[in-house]
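Structure record follows, encoded as structure tokens.
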Amino acid sequence: MLKIYNTLSGKKEPFEPLVPKTVRMYVCGVTVYDYCHIGHARSALVFDMIRRYLEYSGYRVEFAKNFTDVDDKIIKRANEQGVSCDQITVKYIQAYHEDMGRLGVRPASIEPKATEHMADIVRLTETLISKGLAYHVNGDVYFEVAKYSDYGRLSKRRLDDLQAGARVEVDERKRHPMDFALWKSSKPGEPAWDSPWGPGRPGWHIECSAMSIRHLGETFDIHGGGMDLIFPHHENEIAQSCGATGKEFARYWIHNGFVQINQEKMSKSLGNFFTIREIFEKSEWSEAETGEMLRYFLLATQYRGPLDFSDQSLKEAKNAVNGFYDLFARLAESDGNASGDEGLSQAIERCRVSFRGAMDDDFNTPVAIAALQGLRSDVNKLLDCGLSTEARKVARGEFRSLGNCLGLFQLDKWQFGPFVVPIGPATETDTAMPITVKSVLADADIERMLQERNEARSRKDFKRADEIRKSLASHGIIIEDKPDGTSRWKR
RNA sequence: GGCGCCGUACCCAAGUGGUAAGGGAGCAGUCUGCAAAACUGCGAUGCAGCGGUUCGAACCCGCUCGGCGCCUCCA
């Protein structure tokens, strides 16, 4: 039985979707005015993992993740660069897909944009006005917080408390300082849409209410995002949506913790962030390996806790993943022995039970990973006894199947060693397509050298054998000799 | 001022009342011509500190220390 920590109740609750076997989930995506950093990556990855595990558990998942493509920051960025807002949003939506794709984050089943839902937004705002929950002032429309008695139930705040520390509000047209904009009249030159209140654009919170209701219905199962969205964004979404429909909005609220640098929140304003593409560009490993390493790193901590980002942690994640692919390399070989076969199904069952137990307990990925590490250890031992080709396939398949929930262990080939930094001054083409020393050695060359080395070994010419080992090592190739006299190699 | 989070071995990280998972790194051993991988063993009498509740606490309560988040755009 899956249990999920619900921010709304502050407790872990048994998860039961409204419609059996179907989960409807909405996650707040990003405002598209810049490249994503690791914090965005964590959030995207956490909900990707949740989606994957729900699917593994037999649910059909209707997963909506929005792009905020109307916003002050977008307008500002467009003005700075002298381009249209569209040019900005198109560019960064594409960049989002590229970056997340490299991380193995699957696209959501629906990726709505605010600009494509203006009719829904206007209609929702009209409903709120007609119900007396919102008011119109000079082309702006505000939600009247005092009219929604449950305001603060998600973030556990009372309106009185909020006022105490709140910055002085300059806008005296508001009836309460915490009233927030549903619709903002546009200034000349800003993107604008027609409305009953004149040309304008939606406030930030209303789009998510409109789009989630449109695509998932008035009441749906899961709503998620980063911790920082709890207030005011999600609090306001609840007020708007429940106010308009009179029904419960999202039933389970899930929020992921921050990525930190030296114990501090990674954020644009602090300037202490690393973009996803920056990590890939600086990585000494291949794109596929870097993606998997990052994934492993980001899922090695439970999603609600803080996660400190550092080169060392990344390196440790890489080493940990290497261990799995070492095993997969052994599993891809064969010997005639099958004495370990009968222990395999038990080991797999043991792993499955603890993997599912962990994931069912509020998506405890670190414990789930520990279960996979247990299987890795068990299979290595069984391999020492001998496993049939069939059993090896079964074992590899299990890693693929469980690993798929985390987006791990799907690669056929894993390259180990670091890429060698290109020699000489970097050029445009160098950064786009790094030429590495190790890639100069073709597989066929390596095989040829290995064969020569093994011939040398068989005639006990270890001096020659070690020369070849050393030569390959200088290209980043590591040789492992097997008991049968042949060798495997890895980069 | 209000609401909330974090502090577990060299590092990462589970555990939230029954006597400290797992990984990485390190060290030792087995195996190996050497090496690598794998396997085996070693590693917190203690979970920031101090009190309290309890037969029993890392886990509950109180206080203290250190770090951080939200209350303004923020994953």
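The values are calculated or read from the model by the stated rules, or taken from the named source; none is laboratory data. Owing to the predicted nature of the structure, the values given are computational and were not obtained by experimental measurement. Backbone-built Cβ (ideal geometry, glycine too); neighbour counts: all protein chains shown. Only protein heavy atoms, including side chains, enter the accessible area calculation; ligands, DNA and RNA are left aside. Shrake-Rupley method; radii C 1.70, N 1.55, O 1.52, S 1.80 Å.
May I ask for the net charge around A:E349, where only other residues with Cβ less than 14 Å from the Cβ of A:E349 are counted and Lys, Arg are +1 while Asp, Glu are -1? Could the numbers behind the result be given before it?
Numbers: positive: A:R350, A:R352, A:R356; negative: A:E342, A:D378, A:E398.
Taking every other residue near A:E349 into account, the sum is 0.
Angle check, please: helix A:365-385 long axis (alpha carbons) against the longest principal axis of chain A (alpha carbons), in degrees 0 to 90, nearest 10.
In chain A, helix A:365-385 runs at an angle near 10 degrees to the longest axis.
With charges set only on the Cβ (+1 for Lys and Arg, -1 for Asp and Glu), what does the dipole of chain A come to about its Cα centre, in debye to the nearest 20? List each step's numbers first, then the result.
Values: 67 positive and 72 negative charges, 125 e Å.
Magnitude of the dipole: close to 600 debye.
How much accessible surface does A:F280 have with a 1.4 Å probe, in Å² rounded to 10?
It works out to around 20 Å².
If I histogram all Cα-Cα distances within chain A using bins 20 Å wide from 0, what percent of pairs lands in each bin?
Spelled out per bin, shortest first, that is 20, 47, 25, 8, 1.
Enumerate the calculated ³J(HN,Hα) couplings along the stretch A:21-36 in order (Karplus 6.51 cos²θ - 1.76 cosθ + 1.60, θ = phi - 60°), each rounded to whole Hz, writing x wherever the residue is Gly or Pro.
Coupling constants for the stretch A:21-36: 6, 10, 10, 9, 10, 10, 10, 6, x, 10, 7, 8, 9, 6, 6, 7 Hz.
Let's see if you can work this out: charge +1 on each Lys and Arg Cβ, -1 on each Asp and Glu Cβ, no other charges. What is the dipole magnitude of the stretch A:12-261 about its Cα centre, in debye to the nearest 20? Numbers along the way, then the final one.
Numbers: 32 positive and 35 negative charges, 89 e Å.
Using Cβ point charges on Lys, Arg, Asp and Glu, the stretch A:12-261 gives about 420 debye.
Could you work out the helix-only [θ] at 222 nm for chain A, with each DSSP H run of four or more residues adding -39,500 (n - 2.57) and the total divided by the number of residues, to the nearest 500 deg cm²/dmol? The partial results should precede the final answer.
Values: 17 runs with 229 residues, N = 491.
Calculated from helices alone, the mean residue ellipticity at 222 nm is -15000 deg cm²/dmol.
Relative to the longest principal axis of chain A, what angle (0 to 90°, nearest 10) does the C-alpha long axis of helix A:389-406 take?
Roughly 20 degrees between the two axes.
Note down the magnitude of the dipole of the stretch A:283-406 about its Cα centre, charges +1 on Lys and Arg C-beta and -1 on Asp and Glu C-beta and zero elsewhere, to the nearest 20 debye. List each step's numbers first, then the result.
Values: 14 positive and 20 negative charges, 37 e Å.
Dipole of the stretch A:283-406, to the nearest 20 debye: 180 debye.
Answer rounded, prolate or oblate for the stretch A:12-261, using the Cα gyration tensor with square roots of eigenvalues a ≥ b ≥ c: rounded when a/c is under 1.5, else prolate when a/b is larger than b/c, else oblate. Walk me through the numbers before you get to the answer.
Values: a/c = 1.60, a/b = 1.19, b/c = 1.35.
Here the stretch A:12-261 falls in the oblate category.
With all protein chains present, calculate the accessible area of A:Y135 using a 1.4 Å probe and round the result to the nearest 10 Å².
Here the residue's solvent-accessible area equals roughly 10 Å².
Would you list A:D221, A:D228, A:D308 from the most to the least accessible area, probe 1.4 Å?
A:D228, A:D308, A:D221
Provide the percentage of antiparallel DSSP beta bridges, counting only those with both residues in chain A; round to the nearest 5. Write out the running numbers ahead of the final one.
On the way: 23 of 45 bridges.
Here the share of antiparallel DSSP bridges comes out near 50 percent.
Rounding to the nearest 10 and keeping the result within 0 to 90°, find how far the Cα-based axis of helix A:72-81 lies from the longest principal axis of chain A.
70
Going by the alpha-carbon gyration tensor, a ≥ b ≥ c the square roots of its eigenvalues, is the stretch A:229-387 rounded (a/c under 1.5) or, if a/c is not under 1.5, prolate (a/b greater than b/c) versus oblate?
Values: a/c = 3.38, a/b = 1.63, b/c = 2.08.
Oblate shape, in that a/c is at least 1.5 and b/c is the bigger or equal ratio.
Between A:G224 and residues 5 or more places away or on another chain, which pairs have amide H atoms under 5 Å apart, with H built 1.01 Å from N, and which residues are they?
For A:G224, the qualifying residues are A:Y26, A:V27, A:C28, A:I254.
How much accessible surface area, in Å² rounded to 10, belongs to the heavy atoms of A:S43 with a 1.4 Å probe?
Rounded to the nearest 10, the figure is 20 Å².
By accessible area of protein heavy atoms, probe 1.4 Å, what ranking do A:R158, A:R392, A:R356 get, highest first? Intermediate values should be presented prior to the final figure.
Values: A:R158 140, A:R392 15, A:R356 90 Å².
Per-residue accessible area, sorted high to low, gives A:R158, A:R356, A:R392.
So what is the relative contact order for chain A, in percent, with contacts set as C-alpha pairs under 8 Å and at least six apart? Provide the component values of the computation, followed by the final result.
Numbers: 722 pairs, mean separation 73.3, N = 491.
After rounding, I find 15 percent.
Going down the table (A:K73/A:K268; A:K268/A:K315; A:K65/A:K131; A:K76/A:K187; A:K113/A:K147), which pairs top 23 Å between alpha carbons? Kindly include the intermediate steps, with their values, before the conclusion.
Numbers: A:K73/A:K268 12 Å; A:K268/A:K315 25 Å; A:K65/A:K131 29 Å; A:K76/A:K187 13 Å; A:K113/A:K147 29 Å.
Table pairs above 23 Å Cα-Cα are A:K268/A:K315; A:K65/A:K131; A:K113/A:K147.
Compute the Cα gyration tensor for the stretch A:22-134, then decide on rounded, prolate or oblate, letting a ≥ b ≥ c be the square roots of its eigenvalues: rounded whenever a/c is under 1.5, prolate when a/b is larger than b/c in the other cases, and oblate in all that remain. Write down the numbers at each step before the final one.
Numbers: a/c = 2.60, a/b = 1.13, b/c = 2.30.
Since a/c reaches 1.5 but b/c is at least a/b, the shape of the stretch A:22-134 is classed as oblate.
Could you give the length gained by full extension between A:N454 and A:A320, i.e. 0.36 nm per residue of separation minus their alpha carbon distance, to one decimal place?
Details: separation 134, 0.36 × 134 = 48.24 nm, distance 3.01 nm.
Roughly 45.2 nm would be gained on extension.
Which sequence of A:H234, A:H136 reflects their accessible areas, 1.4 Å probe, from the largest down? Before the final figure, lay out each step's value.
Numbers: A:H234 0, A:H136 95 Å².
These residues rank, largest area first, as A:H136, A:H234.
What FRET efficiency do you get for A:V83 and A:D384 if R0 is 60 Å and r is their Cβ-Cβ distance, rounded to the nearest 0.05?
Values: r = 62 Å, r/R0 = 1.03.
It comes to 0.45.
Which three semi-axes in whole Å describe the equivalent ellipsoid of the stretch A:72-190, each the square root of 5 times a Cα gyration tensor eigenvalue, listed largest first?
Details: eigenvalues 199, 80, 57 Å².
Equivalent-ellipsoid dimensions as semi-axes: 32, 20, 17 Å.
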